[in-house]
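No value in this document is a laboratory result; all are computed from the given coordinates. Note that the structure is predicted; figures quoted are calculated from it, not measured. Here the Cβ positions follow ideal geometry from the backbone for every residue, glycine too, while neighbour counts run over all protein chains shown.
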Amino acid sequence: MIRLLHTADWHLGASLQGWPREAEHRAALAQLIALAKTRDVDAVIVAGDVFDSLNPSAEAQRLLYDTLRDLRAACPRATIVLLAGNHDPAGRLEAPRALFELAGVHSVGVMARREGALDLDAHLLAIRDASGEISAHLFAVPYPRAADLPIAGEDVAGSAVVWGARALYREAVEAARARIGNAPLVLTGHLHVAGGLESEGAERRILIGGEHAAPPDIFPEDVAYVALGHLHRPQKVGRESIRYSGALIPMSRTEIGYSHGATIVEIGARGFVSADHVPFERSVTHLRIPAQGALDMAEIEKALAALAIDPQTPDAARPFAHLAVQIDGPAPGLKSEIDSLCERFPIRLVSLAVERPQRAEAPQAALTRLAERKPLDLFREAFEATHGVAPAEEHLRCFHRLAEEE
């Protein structure tokens with residue numbers, strides 16, 4: 001029996017509306033290291049998006065190296081694998097490979113080939129159990145770039161990109177089986193698999209530079225486990241042994257309700273046994289205000305006061321607030337007014353959703369040519385459609401002044 005710790009989507013160096021998140025990351029990574037030690041894992045798989053950007057800051061890189069050092073100290077014998085995701089600078093993850101190897105860390109940024117065939121020495125890694133015996137193997141596949149995929153012929157039906165991804169994984173498994181036989185095999189991937197639930201505003205459907213999602217059957221049935229990255233919600237896709245571990249911390253308003261953490265996977269001689277997602281405690285609270293619906297402007301101050309947050313709370317520990325307000329009519333200066341109000345409370349406002357009452361749609365007018373309409377009438381209609389009320393005299397004066405300048 002071997003035990004894996006599957007994690008992904010660390011997004012080191014990320015911020016929320018300019019607020020740094022290093023303290024959150026350090027707290028979550030400390031829990032990850034403690035989990036790896038407590039469960040005595042045989043391997044740690046980081047399935048992509050280690051960094052949040054292609055040009056990570058020095059602080060983000062330092063945090064990665066600190067984490068790898070502490071992880072190795074906590075798990076002296078574990079196989080540790082870093083994979084590049086679509087956010088990662090693949091070359092920068094591979095550049096320190098010689099130093100990583102001294103620490104027993106394997107970093108895979110791109111697909112490597114030798115004489116046209118996949119380089120098994122770069123991608124196929126042994127996983128040893130507590131006795132030192134090789135009990136499984138890992139084929140490390142990073143985010144697949146266009147150059148990594150086999151080229152589909154003209155007779156291929158459907159998406160050539162999905163066909164290429166399927167062919168890549170088939171080639172990887174066949175090459176691995178030629179070397180390891182029927183031993184348990186673990187695959188990795190950083191891509192969007194059809195059926196996975198996305199986070200609005202935080203993720204997009206990716207395979208290669210576009211809106212592609214691969215079906216879960218691109219992963220052969222005889223694979224013991226598939227450790228995925230990219231989607232931030234922990235979930236299985238297709239079958240129990242194909243899973244996203246999810247992100248370490250919430251990356252957007254839509255992720256407040258997720259159970260962020262890491263996944264512990266057990267694999268026996270005959271393949272997949274179990275997967276247990278372990279949630280982490282958040283070091284910083286994320287609040288949706290209100291929990292449902294939206295507040296009127298007059299209700300915001302009372303709602304913030306009701307939170308009863310200690311005003312002496314350090315900046316780095318103050319809750320992130322996602323505020324929803326309901327506005328009926330034009331609201332010039334709304335953001336400034338809300339910012340000024342929130343500054344009086346120990347919170348960090350990171351998103352503002354403005355909702356307007358739904359109005360019954362007017363009967364659709366007969367189509368007319370634009371040349372037959374007066375500019376002032378168009379302005380009145382557009383203003384009322386946007387703000388829910390007719391333009392005031394000051395708005396009309398501004399319109400006339402701009403029209404004269406034109």
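With the simple model of a label 7 Å out from the Cα in the direction of the Cβ, ALA112 to ASP66 spans 3.0 nm. One decimal place: the segment ALA95-ASP339 gains 83.5 nm when fully extended, by the rule 0.36 nm per residue minus the C-alpha distance. Which shape class applies to the range 33-110: rounded if a/c is under 1.5, otherwise prolate when a/b exceeds b/c and oblate if not, where a ≥ b ≥ c are the square roots of the Cα gyration tensor eigenvalues? It is prolate, given that a/c is not under 1.5 and a/b is the larger ratio.
For the chain, the residue among MET111, LEU4, ASN55 whose Cα projects farthest onto the positive side of the dipole built from Cβ charges is LEU4. Projecting the Cα atoms of HIS123, ILE134, CYS75 onto the dipole axis of the chain, where Lys and Arg carry +1 and Asp and Glu carry -1 at the beta carbon, places ILE134 farthest toward the positive end. Rounded to the nearest 500, the helix-only mean residue ellipticity at 222 nm of the chain stands at -8500 deg cm²/dmol, with each DSSP H run of n ≥ 4 adding -39,500 (n - 2.57). Highest average first, the peptides 386-396, 163-173 ordered by how many other beta carbon atoms sit within 10 Å of their residues are 163-173, 386-396. Summary value for the chain: 14 percent relative contact order, contacts being C-alpha pairs under 8 angstrom separated by 6+ residues.
Computed packing ranks the peptides 120-128, 258-266 as 258-266, 120-128, most packed first, by mean other Cβ atoms within 10 Å.
Straightening the chain between VAL389 and GLU355 buys 10.7 nm, computed as 0.36 nm per residue apart minus the Cα-Cα spacing. Taking 22 Å as the straight-line reach from the Cα of LYS302, the lysines in range (excluding those fewer than 8 positions away in the same chain) are LYS335.
Cβ-Cβ distance of GLU171 and GLN292, R₀ of 45 Å, FRET efficiency by 1/(1 + (r/R0)^6): the value works out to about 0.40. Highest mean packing first, where packing is the average number of other Cβ atoms within 10 Å per residue, the peptides 250-257, 53-60 line up as 250-257, 53-60.
Here the range 286-355 is treated with +1 on each Lys and Arg Cβ and -1 on each Asp and Glu Cβ, and its dipole about the Cα centre works out to around 220 debye.
A Förster radius of 30 Å combined with the Cβ-Cβ distance from GLU59 to ASP276 puts the calculated FRET efficiency at roughly 0.40. For the chain, the calculated P(r), taken from all Cα-Cα distances in 20 Å bins from zero up to the bin holding the longest distance, is 24, 44, 25, 7, 0 percent.
For the chain, a crude dipole built from +1 on the beta carbon of Lys and Arg and -1 on the beta carbon of Asp and Glu, taken about the Cα centre, is about 860 debye to the nearest 20. For q values of 0.09, 0.20 Å⁻¹, compute log₁₀ I(q)/I(0) with the Debye formula on a Cα-only model of the range 41-184, without solvent. Values returned for q = 0.09, 0.20 Å⁻¹ are -0.32, -1.29. Label zone (ARG179, point 7 Å along Cα-to-C-beta; backbone nitrogen cut-off 14 Å) within the range 133-151: 136-141.
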